[in-house]
Amino acid sequence: MTASEGTSVIHARYVPYSHAHYAGDLVDGAYSLGLFGDVATELCIRTDGHEGLFASYSDVQFLAPVRAGDCLEVKATLVRVGSRSREIEFAVRVTARGNAERGESAADVLDPPVVATTARGVVVVPRAES
């Protein structure tokens, strides 16, 4: 396994209605951060053979709402490789959203997807074994 810049992992996720916290079926921003943790874990497993440990987030941007019923694409891209640290760019994109105007279970594919949340983060992995 080799950690190399540009390596990406993408998760797809449906947001259940049980995660709505606010009026309009809005989901809190921490939901996206939790998804970033999941996709970072897989990225570290693929590049380093370890789950890694989150050290920090920077430049977190909540750009559009995430709602219950949304279909999301969560992407992590490795942008910097240190001896033990890995800097990762994250994005949550809404790829489909419910459309109650067309019916109770109607939904629309969003083309292009809506970028809802972005961030940068640093994870730390164990030293490479000699």
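Every number in this text was worked out from the coordinates using simple rules, so none of it is lab data. Note that the structure is predicted; figures quoted are calculated from it, not measured. All Cβ positions, glycine included, derive from the backbone under ideal geometry; neighbour counts span all protein chains shown.
A few comments on the model shown:
- Among 15, 74, 109: highest mean-square fluctuation, GNM of the chain, C-alpha pairs under 10 Å: 109
- Comparing Cα centroids, the stretch 89-130 and the stretch 67-84 end up 8 angstrom apart.
- Residues of the stretch 98-130 with amide N under 16 Å of the 7 Å Cα→Cβ point at residue 50: 122-130
- Segment residue 42-residue 89, length gained on full extension (0.36 nm per residue, minus Cα span): 15.5 nm
- CD proxy at 222 nm, helix term only [per DSSP H run n ≥ 4: -39500 (n - 2.57); per residue of the chain; nearest 500]: -5000 deg cm²/dmol
- Helix 30-48 vs. the chain, principal-axis angle (Cα, 0 to 90°, nearest 10): 40
- For the peptides 81-89, 65-73, residues were scored by their other Cβ atoms within 10 Å and the scores averaged per peptide; the highest-first order is 65-73, 81-89.
- Residue list for the stretch 1-45, given a label point 7 angstrom along the Cα-to-Cβ vector of residue 79 and an amide N cut-off under 12 Å: 6
- The slack between residue 18 and residue 104, meaning 0.36 nm per residue of separation minus the straight C-alpha distance, is 29.3 nm.
- Normalised contact order of the chain, rounded percent, pairs of Cα under 8 Å and 6 or more residues apart: 30
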